[in-house]
Amino acid sequence: MRTHATISGSELLLGVIAIRLAVLVLVGWGLTLLPRQARDSEAACVASSAARVEAQPPATTVGARVADATFDDMRLHD
């Protein structure tokens, strides 16, 4: 007597999900263990943002007072 060992749809779906989850975990751990490499595009982004900061006008005294009040408030909550 032969029996057909078939897999149900839910078992197949759970197997596919388990395999994908295992791959995601392995890729995640692999990315955290690899050393970070500096890329030319990242250096260009940093340089362009530094140029934008230099191009902005200096902060007004009203902004400085607001920043000081915010800093004092943060210091009180610590």
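Nothing in this text is a laboratory measurement; each read-out follows from the coordinates by a stated rule. Only a predicted model underlies this, so the values are computations on that prediction, with no experimental measurement involved. Reconstructed Cβ throughout: ideal geometry from the backbone, glycine too, with neighbour counts over all protein chains shown.
Okay, here's what the table says:
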quantity: Computed lengthening from S8 to V25, 0.36 nm per intervening residue step minus Cα-Cα distance; calculated: 3.5 nm
quantity: Spin-label model distance (nm) - H77 vs L34, 7 Å beyond Cα toward Cβ; calculated: 3.8
